[in-house]
Amino acid sequence: MRRLRGFFALDPSGRAVVLSGFFLLPMLALSLRAFGMARTRAMLERIEGRPGGAAAALAPKEIARLVDAVAALLRVRCLARSLALWHLLHRRGSATEIRLGVAKRADGSLTAHAWLEYEGAPLNDHADVLERYTALPARAKQPSC
């Protein structure tokens, strides 16, 4: 009941972001499993819609907070969470980059993590993410023809 009250306490833009998250996050989790990151991201880039969409009136940090809340509720992992946030911000014209990083565990195995960078800083993670993970090179920019 508390979550429902929290949802209705949001302004219309916040409610739209939450509803978009409930649609996008499970779809992205399934797409990542079935098709991988490159094809999933390409699919997102083809989705048409109103520029700005649900996220038009909110600050990027607020959008990240709302997407994170939905992702936690749905137990969606970091890559789908970061792709959903990237999509919402990309549609409004915000320049962001999905970053992937790896870290070595105590047992010698590797773990991976994804986050979104906005204006050179992690948006949906703590500032120390670069201390915990070694970031892989950023995705090369596609030449515009």
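Read-outs: derived from the displayed coordinates by stated rules, not from any lab. Source: prediction; values computed, not measured. Here the Cβ positions follow ideal geometry from the backbone for every residue, glycine too, while neighbour counts run over all protein chains shown.
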Per DSSP loop assignment and a cutoff of at most 10 other beta carbons within 10 Å, the chain keeps its longest run without exposed trypsin sites (Lys or Arg not before Pro) at 1-74
Taking GluC sites (Glu not before Pro) as exposed when in a DSSP loop with at most 10 other Cβ atoms inside 10 Å, the chain has its longest clean stretch at 49-118
The size of the Cβ-based charge dipole (Lys, Arg +1; Asp, Glu -1) of the range 2-135 about the Cα centre, to the nearest 20 debye, is 520 debye
Once the dipole of the range 2-135 is set up from charges on Cβ (+1 Lys and Arg, -1 Asp and Glu), the residue from the list His90, Ala80, His113 lying farthest towards its positive end is Ala80
Of the candidates Ala103, Ala34, Phe7, the farthest towards the positive dipole end of the chain (Lys/Arg Cβ +1, Asp/Glu Cβ -1, centred on the Cα centre) is Ala34
On each of the three principal axes the extent of the alpha-carbon atoms of the chain, given in whole Å and largest first, is 46, 45, 31
